[in-house]
Amino acid sequence: STVLIMGESGTGKGLIAHSIHKASLRGEGPFIYVNCASIPENLLESELFGYEKGAFTGARDKGKVGKFELADTGTIFLDEIGDMPLHLQVKLLHVLQNRRFERVGGNKTIQVDVRVITATNRNLEEMMRDKTFREDLYYRISVIPLVLPPLRERKEDILPLARFFLQK
């Protein structure tokens, strides 16, 4: 199932995503991390889905494999999903529903078997009301929603964490 991890920056969403991957049946497969906020909007589609030779100016001669293909039989972790532009949300929804996509500039359908874990520090329900995040995508990615409270709300965790880091 897809997992949506919500929490403030620095709460450990990436650690939880990696732990979910490692503890799952896909744990031996690839774990591909994508920060949706750090990749420019005009490049995000080709990073996620790859592209074919000549798809755009500056494209590699042989094309490029996308992150979804790299994650096949494993997990793709889409961090900062709330920063994904609306037009890519549609394509992501299609991949989640059908487990297939086409590379940018391509016409060959690529089938993938991938688990999707997403994370955000944004309020996606508010974004849905503002029409900046698709409601259908929200329900597709939040099959298993997890909320990570900040450490200030988990004071009982401070001492065990301090001991752990001191041992390290």
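Some points to look at:
- Comparing Ser19, Ser46, Ser142 in a Gaussian network model of the chain where C-alpha atoms under 10 Å apart are linked, the largest mean-square fluctuation is found at Ser19.
- Residue-normalised accessible area of the chain, expressed per residue, 1.4 Å probe, Å²: 58 Å²
- Between Phe56 and Arg129, the distance separating the two model label sites (each 7 Å from Cα on the Cα→Cβ line) works out to 3.4 nm.
- When the pairs Lys62/Lys91; Lys53/Lys91; Lys22/Lys62; Lys64/Lys131; Lys64/Lys91 are compared against a 25 Å limit on Cα-Cα distance, Lys22/Lys62; Lys64/Lys131 fall above it.
- Using a probe of 1.4 Å on the protein chains alone, the accessible area found for Lys22 is around 120 Å².
- Between the helical axis of 13-23 and the longest alpha-carbon principal axis of the chain there is an angle of about 80 degrees.
- Efficiency of FRET from Cβ geometry, Ser1 and His87, R₀ 25 Å, rounded to 0.05: 0.45
- Choice from Ala119, Ala23, Ala37 with maximal GNM fluctuation in the chain (Cα, 10 Å cutoff): Ala23
- Compared with the alpha-carbon gap, the fully stretched path from Leu161 to Gln97 is longer by 19.1 nm at 0.36 nm per residue.
- Applying Stokes-Einstein at 10 °C and 1.306 mPa s to the Kirkwood radius of the range 69-124, computed over alpha-carbon pairs, gives a translational diffusion coefficient of 130 µm² s⁻¹.
- With the largest listed first and rounded to whole Å, the semi-axes of the equivalent ellipsoid of the chain from the Cα gyration tensor are 31, 19, 15.
- Counted charge near Ile20, where neighbours are those whose Cβ lies closer than 10 Å (Asp, Glu -1; Lys, Arg +1): +3
- With respect to the chain, whose longest principal axis is taken over its alpha-carbon atoms, helix 86-98 is tilted by about 90°.
- Atom-type composition of the exposed protein surface of the chain places 51 percent of the accessible area on carbon and sulfur (1.4 angstrom probe).
- Selection of GluC sites (Glu not before Pro), the range 1-107, meeting DSSP coil and at most 15 other Cβ within 10 Å: Glu8, Glu28
- Length-normalised contact order for the chain - Cα pairs under 8 Å, 6+ apart - percent: 34 percent
The values are calculated or read from the model by the stated rules, or taken from the named source; none is laboratory data. All values derive from a computational prediction rather than experimental measurement. Positions of Cβ are generated from backbone atoms using ideal geometry, with glycine treated the same way; all protein chains shown enter the neighbour counts. Quick note on the areas: whole protein, heavy atoms, side chains included, nothing else; ligands and nucleic acids left out. Shrake-Rupley method; radii C 1.70, N 1.55, O 1.52, S 1.80 Å.
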